[in-house]
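Comments concern the structure below.
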Amino acid sequence: MAQQNKTEPQRVALVAGGGRGIGYAICERLAADGYIIVAAARTLDELDQLKTEFQSQGLTASCYEFDIADAQSVDNLLKQVMAEHGRIDVMVNSAGTSYVAPVALSNLEKCQAVIQVNLMGAFIISRAVVRIMIRQKHGRIVHIGSISGTIGAAYNAIYAASKAGVAGLVKSLALEVAPLGVTVNAVQPGTVHTELFEQTHGARAKLKGITLEEQKKEMEADNPINRLVQPSEIAGAVAYLVSDDAAAVNGHLLTVDGGRSVS
């Protein structure tokens, strides 16, 4: 990122879903870039590794338990962050869930849960944090989307639909707040090897009658760079979007997939 002005207070970055996978990598990267890190997740257990790793590096992170799909929980989180730090300069939303099933055989309750977390959760936390950023006349919001929202995903239709909705939210909110000093963007990863990969592609492999390792090799072969995307590469894209260098980047869906969506 562009260097922070030393005369300004240290910037605060709230990372929703910061306890694992992509969110964890984002916390690490933004801490290295000089941000005060506030990590939030569904359970504090998810954040134990982050706290331990940060302590070993002489870093600190404030950790909070919250439910992104619950408006009251999100409001309580932001009140705690503001009470502790007095500002939120960056909000990155990496919280999410998935459900793999053929549309014809899908469970509607599980589908609704995906929409509630991935789409409504993104809307709820955007709604809450943008109010703070408007008062500050400055802020950066970044949602972690997915190329699935653009190119589709067989056996993962509800997830793809939720991420397509996030893309629409990003573009719409970006238009609303652009004159107010706030930018809203998304990073759209391809297949990233995280805990969610094990869950989602393990289910896909089972549907296809192959092993998870065989599924992984198929996904690698399907990518022009012949490998999966790394969480640190998503974190690097986020670091750019929240930097001063990206002040004019707004309403953008930054694809980080090794070229898979154009191959």
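The values are calculated or read from the model by the stated rules, or taken from the named source; none is laboratory data. Please read these numbers as outputs of a predicted model, since none were measured by experiment. FYI the Cβ positions are ideal-geometry reconstructions off the backbone, even for glycines, and counts take in every protein chain you see.
For the reader, a short list of remarks on this structure follows.
- One residue from Val229, Val170, Val262 being more than 30 Å from Gly34 (Cα to Cα) and of a type in the set (A, V, I, L, M): Val262
- In the set (1) assigned by TED's automatic domain parsing to the domain that holds Leu77; (2) surrounded by fewer than 17 Cβ atoms within 10 Å (Cβ to Cβ); (3) among the charged types (D, E, K, R), the condition left unmet by Lys163 is number (2).
- Residue pairs meeting the criteria (Cβ under 6 Å; at least 6 apart or on separate chains; first closer than 25 Å to Tyr240 by Cβ, in the stretch 139-164; second among the basic types (Lys, Arg)): Gly145/Lys163; Ser146/Lys163; Ser148/Lys163; Gly149/Lys163
- Taking the stretch 104-113 as the range and being surrounded by 11 or more Cβ atoms within 10 Å (Cβ to Cβ) and more than 25 Å from His143 (Cα to Cα) as the test, the residues that pass are Ser106, Asn107.
- Test: residue in the stretch 156-173 that is assigned to a loop (DSSP other than H, G, I, E, B) and more than 19 Å from Gly17 (Cβ to Cβ): no
- Some residue of the stretch 237-251 being at positive phi, without any contact (Cβ under 8 Å) to a residue 24 or more places away in the chain and more than 16 Å from the chain's Cα centre (by Cα): no
- Taken residue by residue, the stretch 198-207 has no member that is outside the structural domain of Asn107 (by TED's automatic domain parsing), among the acidic types (Asp, Glu), touching a residue at least 12 places away in the same chain (Cβ under 8 Å) and within 19 Å of Cys27 (Cα to Cα).
- Ile125 vs. criteria at pLDDT 95 or above, part of a helix (DSSP H, G or I) and surrounded by 23 or more Cβ atoms within 10 Å (Cβ to Cβ): yes
- Any hit, the stretch 133-141, residues being crowded, with 24+ Cβ neighbours inside 10 Å and under 23 Å from Gln199 (Cβ atoms): no
- Considering residues of the stretch 190-215 that are outside any helix (DSSP H, G or I) and hydrophobic (A, V, I, L, M, F, W, C) only, the residue farthest from Tyr99 (Cα to Cα): Ile210
- Here Val170 passes the criteria (1) surrounded by 17 or more Cβ atoms within 10 Å (Cβ to Cβ); (2) within 26 Å of Gln116 (Cα to Cα); (3) touching a helix residue (DSSP H, G or I) at 6+ places or on another chain (Cβ under 8 Å) except the one numbered (3).
- Which numbered condition Arg204 misses (of (1) more than 18 Å from the chain's Cα centre (by Cα); (2) of a type outside the set (A, V, I, L, M); (3) surrounded by 18 or more Cβ atoms within 10 Å (Cβ to Cβ); (4) modelled with pLDDT of 90 or more): (4)
- Residue satisfying condition, being of a type outside the set (A, V, I, L, M, F, W, C), in contact with a Gly (Cβ under 6 Å, 6 or more places away or on another chain) and either under 21 Å from Gly202 (Cβ atoms) or not assigned by TED's automatic domain parsing to the domain that holds Ala174 (or both), within set Gly19, Gly96, Gly23: Gly23
- Evaluation of Arg87 against (1) surrounded by 22 or more Cβ atoms within 10 Å (Cβ to Cβ); (2) touching a residue at least 60 places away in the same chain (Cβ under 8 Å); (3) outside any helix (DSSP H, G or I) (one fails), failing number: (1)
- Flag if Tyr99 is of a type outside the set (A, V, I, L, M, F, W, C), part of a strand (DSSP E or B) and closer than 20 Å to Ile144 by Cβ: no
- Pairs, first farther than 14 Å from Val15 by Cα in the stretch 68-83, second assigned to a loop (DSSP other than H, G, I, E, B) and modelled with pLDDT of 95 or more, C-beta under 6 Å, six or more apart: Ser73/Phe66; Ser73/Asp67
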